[in-house]
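I have placed the structure first, in the form of structure tokens, so that the comments after it can refer back to it.
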Amino acid sequence: MEETQERRARGETIGFVGLGRMGGNMAARLLAAGYAVYGEELHREAAQHLVDEGLRWRDTPRELAEAVDIVFTSVPNDQALEDVASGPDGILAGLAAGKTWVDVSTASPQASIDLAERVRAQGATMLDAPVSGSVPEVQAGTLTIMVGGDEDAFRRVEPILRELGTPEYIGANGQGLAVKLAINLSLAVQMLAFAEGLLLAERSGVDPQRALDVMTESAIGSPMLKARAAIVLDPPDEAWFDMTLMQKDVELALDAARRLEIPVPTAERADEMLKRARSLGYERRDIAAFFQLLEELAAKGRKA
């Protein structure tokens, strides 16, 4: 607490490139904690509520990087990360020596390692710090944050990360992302297996809500399953974590597995089901909608 207050007192500034569901809620938490927070997003109107709360707007990633001590990025994929990094208006163009870049996106480990080398060549430091958790965990400050990169840089930003959740230092650049992909691979497989089991119970004549309640309170009731139990039978229109993002993460894990020459058969199965989900219009549905997808496939008499 004292270190956090000291950081605020000396005017340490934070910037967020990417103010979507995750990045926007992270920025809001740091604003509420008293930090000076800058922000940039493709569409300012989507972040106007944050500006109204005190966020200091910048028009480009370069302008944001020039203005702050610590840059955060929260973008959907490797290409988006490269887009905000490069070019005359990119982060690298405004990232001076001594600054720290913390990327909380879920990108490929190799892309992050390569980008960290470019950052290091400018005398700055980059950390990959992907998070485990969805919007409710961001808002509650209970994310798990896996960090790869220079340990001294991690210690400098650790108090800020603790406003968002529990940061864990993993190791070298890319290793935070390796653990994040390991977690999300398991997340997809757990959600799919849970949906299959729930459908089996339902088709056996068990009330689905009763089956869901008992299953989530049993030995298989992981924190992720318990968090999503309330929306499995009626997924929300606005997904916490949609099928498109889940498939992206599973494919990143599959790519990493191919590089390492290790078998991941359950990940391959989850990838097949995610592709089918997207082909049937589930791409923007929360991954809790696996159950409804399997119900639809069963109704059509198609083998899942």
Sole miss for TRP57 among (1) among the aromatic types (Phe, Trp, Tyr); (2) crowded, with 21+ Cβ neighbours inside 10 Å; (3) farther than 10 Å from VAL17 by Cβ is condition (2)
Taking first residues from the range 257-272 that are under 16 Å from PHE290 (Cβ atoms) and second residues anywhere that are of a type in the set (Gly, Ala, Ser) and assigned to a helix (DSSP H, G or I), the pairs with Cβ under 6 Å that are 6 or more apart or on different chains are ALA267/ALA253; ALA270/ALA188
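Looking only at residues that are part of a helix (DSSP H, G or I) and over 31 Å from the mean Cα position of the chain (by Cα) in the range 201-221, which one is farthest from LEU294 (Cα to Cα)?
Step one: list which residues in the range 201-221 are part of a helix (DSSP H, G or I), which gives 201-203, 208-216.
Those still in the list that are over 31 Å from the mean Cα position of the chain (by Cα) too: 201-203, 210.
Working: ALA201: 13, GLU202: 12, ARG203: 12, ARG210: 18 Å.
Here the residue is ARG210.
Could you tell me which of the residues SER132, SER186 is in the same structural domain as ALA32 (by TED's automatic domain parsing), of a type outside the set (Val, Ile, Thr) and within 24 Å of ALA267 (Cα to Cα)?
Numbers: SER186 fails: in the same structural domain as ALA32 (by TED's automatic domain parsing).
After ruling out the rest, the residue left standing is SER132.
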Residues of the range 157-168 being touching a strand residue (DSSP E or B) at 6+ places or on another chain (Cβ under 9 Å), assigned to a helix (DSSP H, G or I) and either among the small types (Gly, Ala, Ser) or surrounded by 17 or more Cβ atoms within 10 Å (Cβ to Cβ) (or both), in sequence order, are VAL157, ILE160, LEU161
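Take SER218 and decide whether it is surrounded by fewer than 14 Cβ atoms within 10 Å (Cβ to Cβ) and not assigned by TED's automatic domain parsing to the domain that holds MET126.
On the way: surrounded by fewer than 14 Cβ atoms within 10 Å (Cβ to Cβ): yes; not assigned by TED's automatic domain parsing to the domain that holds MET126: yes.
Against the criterion (surrounded by fewer than 14 Cβ atoms within 10 Å (Cβ to Cβ) and not assigned by TED's automatic domain parsing to the domain that holds MET126), SER218 qualifies.
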Just to be sure before I move on: is PRO159 in contact with a helix residue (DSSP H, G or I) (Cβ under 6 Å, 6 or more places away or on another chain) and more than 30 Å from GLU238 (Cα to Cα) in the structure I sent? yes
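Give ASP69, ASP52, ASP103 a once-over and let me know the one that is touching an Asp or Glu at 6+ places or on another chain (Cβ under 7 Å), of a type in the set (D, E, K, R) and more than 30 Å from ALA182 (Cα to Cα).
Numbers: ASP52 fails: touching an Asp or Glu at 6+ places or on another chain (Cβ under 7 Å); ASP103 fails: more than 30 Å from ALA182 (Cα to Cα).
After applying the criteria, what remains is ASP69.
Quick check on the range 19-66: of everything there that is part of a loop (DSSP other than H, G, I, E, B) and touching a residue at least 60 places away in the same chain (Cβ under 8 Å), which residue is nearest to ILE91 (Cα to Cα)? Write out each step before concluding.
The first filter runs over the range 19-66 and keeps only residues part of a loop (DSSP other than H, G, I, E, B), leaving 19-20, 33-35, 41-43, 53-55, 58-60.
Subsequent filtering for residues that are touching a residue at least 60 places away in the same chain (Cβ under 8 Å) retains 33, 35.
Details: ALA33: 25, TYR35: 21 Å.
The residue in question is TYR35.
The values are calculated or read from the model by the stated rules, or taken from the named source; none is laboratory data. What you are looking at is a predicted structure, and each value in this text was computed from that prediction instead of being measured. Here the Cβ is made from the backbone with ideal geometry for all residues, glycine too, and neighbour counts use every protein chain on show.
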